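The values are calculated or read from the model by the stated rules, or taken from the named source; none is laboratory data. The structure displayed is predicted, hence computed values, not measured ones. For neighbour counting, all protein chains shown are included, and Cβ atoms are generated from backbone atoms with ideal geometry for every residue, glycine included.
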Amino acid sequence: MKNSTVYKKAQISKQHFSKILSTPHYQPSKPTLALELDREGTQDLIGRAGYTLTNSSKFDLIIRYCIEHNQFNIVEINTILYEFDQMLIGGNA
C-alpha cells in the first residue's frame, strides 16, 4: 500500500503520518491507526504501537464489530462511535 493511501484511509494529515514514520518513540493514539485490516492484522498493527482491542472497552467492541463486518467507511464508523458517546477516529486524534 502506498503511503498516501494509508494516510488518506486513516484520515490523518501527510504531516502526522510522516511524524509517525520518522519519530522512533512517537506513539499514535489507537484511533489514529484505523485502516482496512482484518482483526488479526489490526491486532498486530496496534500491538506494535502498544495497544490491543479489549472486551472491556465500548470503543474497542465497536471497532471489532466494524472490522468483522467489513465496515471500513470512517464516516459510518464515526457515526456509530458518536451514537455511543465514544472518541471518533481519523483526524489527529
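What to note about this one:
- Test result for Ile67, surrounded by 11 or more Cβ atoms within 10 Å (Cβ to Cβ), farther than 22 Å from Met1 by Cα and either at pLDDT 75 or above or more than 12 Å from the chain's Cα centre (by Cα) (or both): no
- Among residues of the range 72-86, those that are outside any helix (DSSP H, G or I) and at pLDDT 90 or above, counted: 3
- Some residue of the range 13-21 being at pLDDT below 80 and in contact with a Ser or Thr (Cβ under 7 Å, 6 or more places away or on another chain): no
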